[in-house]
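The values are calculated or read from the model by the stated rules, or taken from the named source; none is laboratory data. None of these values were measured; they are calculated from a predicted model. Positions of Cβ are generated from backbone atoms using ideal geometry, with glycine treated the same way; all protein chains shown enter the neighbour counts.
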Amino acid sequence: MRYVDTRGVVEEPVEFTRAVVEGLAPGGGLFVPERVPELSLDEICGLAELPYAERAARVYRAFEPDLTDEQLATITAGAYGDNFDTADICPVTALPDDIYMLELWHGPTSAFKDMALLCLPRFFSVSAAELRTRGELDDTHMILVATSGDTGKAALEGFRDVDGVSIGVMYPDGGVSDIQFKQMATQRGNNVTVWGVRGNFDDCQTGAKNVFNDEAFATELHERFHVALSSANSINWGRLMPQIVYYISAYAKLVADGRVARGDAIDVCVPTGNFGNILAAYYAQRMGTPIRRLLCASNENRVLTDFINTGTYDISEREFVKTPSPSMDILVSSNLERQLFELTGRNAEAIVGWMADLREKQGFRVDRDTFAKMRELYAADSVDNDTCLATIREAFEACGYLMDPHTAVAYKVAENLREDGVPVVVASTAHWAKFGNNVYRALHGITLAEELPAEVAALTGCELNRLIANETGADNIPAGLAELDELPIRFTEVIDGKADAIRSAVSEFLGR
């Protein structure tokens, strides 16, 4: 199976290996498979009998990548093994009222990004080797990543010391939690670097896209360093495809456990920022998983909720709000482009027009048919900061389940939008200890606008997590989070989010 791009610039579809290595299509479009494969209900339910690594390999094979079955099996076995704290990899936990938490944070960095970013480096390495064997590639690669918090650490860990690859991560300076900062700033590896960026995530993401689309800089990197740029964000199909697996897997597991009758539909609720995670649920539905509706959960940066409810995407006068769920503090949702491409019947001309309007006018409005199709698939709601924190406390008091602020946003939206008789799977995207400061606020009834008690504010993220664990009796804090105070801080540089500054930082790193 080959891959086309959402803006119609790529005249000849490319193979999976090429799509993974290039990351972003020429002209700024995103790669999508030329068709979406389908699995039968028997095939989907049968996945429950297999270990998770084999479930993933089965789904990948359906997309017919130009890799062997043996290569896919090796990739998934390496990605999903004893690096997770449970053999289930992403267990499904039942809560009252037919709500099920799909726990995607049992990997080494305690966030859902592990589910994809443990596979992507392996896809990338194997794909680059294949292209070199065919004489289609002679450069090494620099992975450039913009992160709102969790992608950065997962990508750094996944690409650490991978041959032929360097990686640089940009995060909004002051816009991530203490734990998230230390996870990135203490990263081990000889091929990694991290930059804080003055601004928010959208500044990081826009700057990265501008650098990717700079042909003169690409030529300079090739001539000076024999390096080409690529991406580990969810704009890379090799990052998005692994996310499809866990929604299919969750349905199979619910049926196997007798929680859902075979063939009955479920809803899926996802805390949504860059639109990749919920888009993966859409593709799982397209492949045959009985998903009835996709529930898009926003925080106070509710651009996606407003778009789904009105058909207008407008950031022209929208204030960027810092929230307890910083990984969702995004106004420009890159993967929405893929969704619109699919809903328009793959109309690249429409995508080019809307993306130009977004760039030049800070907004666009979709046509009536596309809006109607969106409304058939999606429902959306948002949760304000105080409600987010209150939800963490209410859920813990009601059923002893401690969740992070991103998951709390989705849990509340699931409660708001669910319909009687339809089970809801909520994507639980991070371990609570990644955001201990706001979990503490929630449990003690302290609003986001209020100061933490001085003795609490003086604690490091690790110390605060231990305090919360002692107060609640919560499960052990993951080792990768508990050790952060003892690790040396390696990266403290802060740069501007403009393309010139990013280009300079990349060149300096490669020329060291």
Ile235 meets each of (1) at pLDDT below 95; (2) part of a helix (DSSP H, G or I); (3) under 24 Å from Arg122 (Cβ atoms) with one exception, condition (2)
Note on region 123-155: residues under 20 Å from Ile89 (Cα atoms) and either part of a strand (DSSP E or B) or modelled with pLDDT of 95 or more (or both) are Phe123
Flagged in region 315-354 as touching a Gly at 6+ places or on another chain (Cβ under 8 Å) and of a type outside the set (S, T, N, Q), in numbering order, are Ile315, Lys322, Pro326, Met328, Asp329, Ile330, Glu337, Ala348, Glu349, Ile351, Val352
A careful count of residues in region 420-461 that are surrounded by fewer than 16 Cβ atoms within 10 Å (Cβ to Cβ), among the aliphatic types (A, V, I, L, M) and under 30 Å from Ala261 (Cβ atoms) gives 1
Does region 477-494 contain at least one residue that is more than 29 Å from Asp85 (Cα to Cα) and either assigned to a loop (DSSP other than H, G, I, E, B) or touching a Leu at 6+ places or on another chain (Cβ under 9 Å) (or both)?
yes
Cβ pairs under 8 Å, 6+ apart or interchain, first in region 361-377 and of a type in the set (Ser, Thr, Tyr), second buried (at least 18 other Cβ atoms within 10 Å of the Cβ), ordered by first then second residue, are Thr370/Leu340; Thr370/Leu343; Thr370/Thr344; Thr370/Ala350
Regarding region 218-227, can at least one residue be identified that is in contact with a Leu (Cβ under 6 Å, 6 or more places away or on another chain) and surrounded by fewer than 22 Cβ atoms within 10 Å (Cβ to Cβ)? yes
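Okay, residues lined up against (1) touching a helix residue (DSSP H, G or I) at 6+ places or on another chain (Cβ under 6 Å); (2) among the charged types (D, E, K, R); (3) surrounded by 17 or more Cβ atoms within 10 Å (Cβ to Cβ):
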{"site": "Ala348", "(1), (2), (3)": "no, no, yes"}
{"site": "Gly353", "(1), (2), (3)": "no, no, no"}
{"site": "Ala356", "(1), (2), (3)": "no, no, no"}
{"site": "Arg359", "(1), (2), (3)": "no, yes, no"}
{"site": "Gly363", "(1), (2), (3)": "no, no, yes"}
{"site": "Asp367", "(1), (2), (3)": "no, yes, no"}
{"site": "Leu377", "(1), (2), (3)": "no, no, yes"}
{"site": "Asp381", "(1), (2), (3)": "yes, yes, yes"}
{"site": "Asn385", "(1), (2), (3)": "no, no, yes"}
Going through region 26-53 in order, the residues found to be in a helix (DSSP H, G or I), under 22 Å from the mean Cα position of the chain (by Cα) and not small (Gly, Ala, Ser) are Tyr52
